[in-house]
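Read-outs: derived from the displayed coordinates by stated rules, not from any lab. All figures in this text were calculated on a predicted structure; none of them were measured in a lab. Every residue, glycine among them, receives a Cβ derived from its backbone with ideal geometry; neighbour counts consider all protein chains shown.
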Amino acid sequence: MMRSNRFPFVLVFAIMIVTIAAYGYYGKIGNNNVHDRYSELGQAFLSGHTYLDINPATGGVGDTSLYQGKYYLYFGPVPTLLPWMLVQWLTGVKLGERQLVFFFSALGTCCLIWLLATIAQNASIPQWVLPFILLPVCFGTWLPIVLRYGKFYQVSISGAYCFMAIGLLCLWYGSSDFTKHPTWWKIGASLGFGLVVGCRLFYAMDIVVLFIIWLFGLRKYNLQRNLWEGLTLAMPWTLCIAGLACYNYERFGSIFETGYAYSVDGPDSYHLHYIHSGVLEWRLANIPAHFYTYFLTPLPLSKLLPWNSDFGVVTLLKYPYDQEGYAYGLWHNSPFSLWSLWFLLNLRTCRTWLGSAYGFVIGAVIATLGLTLFVLGYQYIAARYMVDFSPWVMFVAVLGYIQALQTSSGRYRWAVLMSGGFMALWSVYVGLANAYCGYSPCIGP
């Protein structure tokens, strides 16, 4: 097929509008029990300090850090800086955490929609196939569940998701042959990846994407250009990390302490107890069981049938697990994600249609594997943690589906189209049904 020079603006914007409307709906029917910790952090920044204006004598505050008699938020500060303080400064409006989760989720998904539509156009994929590859990214990665629980946990997760998507979009344009001013795009990508770390610390592994882009762009006998390229990709990210280090030092006297070692749990100030020892709760032994949970566990059929009473009911879990709902298998319940395996098995052959952006894809794949491995080894299980890796698995799956369309022909091509369409529809349905429960919050025992 010949590459089309006409970008499908109408179709892409239609999918964006539908996605934003659906995200807004799921945000409204979610749990309303929120604390607005990021608003409290914003007020603290405006008052010239970094601790929350909460008196420990009035009661304990769970999932915060208690250090020298003051409470701190150990989640990344970037969502308070962007967009909370910016919006408050420009309009006087104080965004709540539910609004922040919606903003980050919608913006991040719109960036992924644009990115994947651009990649599909570059690969000469028919426009009518776009819904197959875009809608699973919108609804097949458990984002609707995150939107229903707009607390500060979800703010940091959705913030990392958003800035990661922005960084990947910028990096695609900075790595493609047809892009003008690629240096500015790479600077934007590096800044986006740095802001990701300011939301979710373990995303610091995203530096590998920038490093691989630099490696693929090396030129023999051109040391000056190679050094300049390295600075372009590394400097904004490094400045973000330096800012985060200063933030840590101001609070805890150490650039390496995020507050995780001082995190506490318990609503009663007389029964506060530290829930972490300062050692990262990550174990290799957790991976097999967590892999089954996050990739293979089926959803109960009753939750997917509209005529059943527990259709869309989010079930609570007992401690030590989260009360956000079960994490269900991505491959089992969002089968379009299985195309990621196809892509990994055909990684070399995709270079023919990716061209100079091949390094970008290699970096994204390695980052996806790293983020997934981290979540699999982490001690706790929660549905919201799936948003730390499932959007990027789905991103790789879209590349795998495009690769399958590129290499198939005749009747096999129709088989790829039909199977991809069915897998996409089921992925979207499960993603929407699993988070649906009427027009009010609905949680089961």
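Quick notes
- Amide proton proximity set for residue 29, modelled H, under 5 Å, gap of 5+: none
- Those residues of the range 143-164 whose amide nitrogen sits under 20 Å from the label point placed on residue 299, 7 Å along Cα→Cβ: 143-150
- Taking Lys and Arg as +1 and Asp and Glu as -1, the other residues whose beta-carbon sits under 11 Å from that of residue 210 total -1.
- Paramagnetic reach from residue 90 (point 7 Å along Cα→Cβ, amide N under 13 Å) across the range 122-161: none
- Derived scalar couplings ³J(HN,Hα) [the range 99-109; Karplus, 6.51 cos²θ - 1.76 cosθ + 1.60; whole Hz; x for Gly, Pro]: 5, 5, 4, 4, 4, 5, 5, 5, 5, x, 5
- Derived scalar couplings ³J(HN,Hα) [the range 341-346; Karplus, 6.51 cos²θ - 1.76 cosθ + 1.60; whole Hz; x for Gly, Pro]: 5, 4, 5, 4, 6, 10
- Translational diffusion of the range 365-414, µm² s⁻¹ [Kirkwood Rh, Cα pairs; Stokes-Einstein; 10 °C; 1.306 mPa s]: 127
- Qualifying chymotrypsin sites (Phe, Trp or Tyr not before Pro) in the range 130-179, DSSP loop, other Cβ atoms within 10 Å at most 13: 178
- Both numbers refer to the Cα atoms of the range 47-141; Rg and Dmax are 20.1, 63 Å.
- Note on the chain: lysine pairs with Cα distance below 29 Å, sequence gap of 8 or more or different chains, count 12.
- Cα gyration tensor shape for the chain, rounded if a/c is under 1.5, else prolate or oblate: oblate
- Residues in the range 15-24 carry Karplus couplings, in order, of 5, 4, 5, 4, 5, 4, 5, 5, 4, x Hz; the curve used is 6.51 cos²θ - 1.76 cosθ + 1.60 with θ = phi - 60°, and Gly or Pro positions show x.
- Amide H contacts of residue 64 (H built 1.01 Å from N, under 5 Å, at least 5 apart or other chain): 264
- The chain - mean residue ellipticity at 222 nm from DSSP helices (-39,500 (n - 2.57) per run, n ≥ 4, rounded to 500): -17500 deg cm²/dmol
- Subtracting the Cα-Cα distance of residue 21 and residue 234 from 0.36 nm times their residue separation leaves 73.0 nm of extension gain.
- With contacts taken as Cα pairs under 8 Å at a separation of at least 6 residues, the range 9-444 carries a relative contact order of 22 percent.
- Taking 7 Å steps out from each Cα toward its Cβ at residue 287 and residue 47 produces label points 4.5 nm apart.
- Shape call, the range 346-430: gyration tensor on alpha carbons, a/c limit 1.5: oblate
- Extension gain for residue 255 to residue 208 (0.36 nm times residue separation, less C-alpha to C-alpha distance): 14.7 nm.
- Surface/4 of the Cα convex hull for the range 75-216, nm²: 9.5
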